[in-house]
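Q: Before we start, here is the structure in question, set down as structure tokens.
Read-outs: derived from the displayed coordinates by stated rules, not from any lab. Predicted model, so just to flag it, every value in this text is computed and none were measured. Quick reminder, even Gly has a Cβ in these numbers, built from the backbone with ideal geometry, and neighbours come from all protein chains shown.
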Amino acid sequence: MKHDDLVVVYKLHDPIKAEVIRAALQTEGIAARLDGTNFSQAFPGSPMQEVNILVRAEDADRAAKFIEKHQNP
């Protein structure tokens, strides 16, 4: 795997929360993007919706630690 390949660091079913996490990662200098938001917008509230947060492989550990640290208990 190349260091700039994208990997999933977090999966959730709330596109708004996913956007908040993506923005928080960006403020930490971690480039992130969302995958699955089109389905979420087409079928809001669907239990099948899943949004993935992707970052570069080289940032994956840092991003996962950041997300874990900032999750609500």
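Q: Find how much the distance from THR27 to ARG56 grows on full extension, using 0.36 nm per residue of separation minus their present alpha carbon separation; answer in nm with one decimal.
A: Full-extension gain reported as 8.9 nm.
Q: Something else about it: Less than 14 Å Cβ to Cβ from GLU68, Lys/Arg counted +1 and Asp/Glu -1: what total charge do the surrounding residues give?
A: Here the count lands on +2.
Q: Net charge near ASP35: determine it from the other residues with C-beta under 13 Å of the C-beta of ASP35, scoring Lys and Arg +1 and Asp and Glu -1.
A: After counting each charged neighbour, the total is +1.
Q: Can you pull the one-decimal nm distance between simple spin-label points at VAL8 and GLN71, each 7 Å off the Cα toward Cβ?
A: Calculated label separation equals 1.5 nm.
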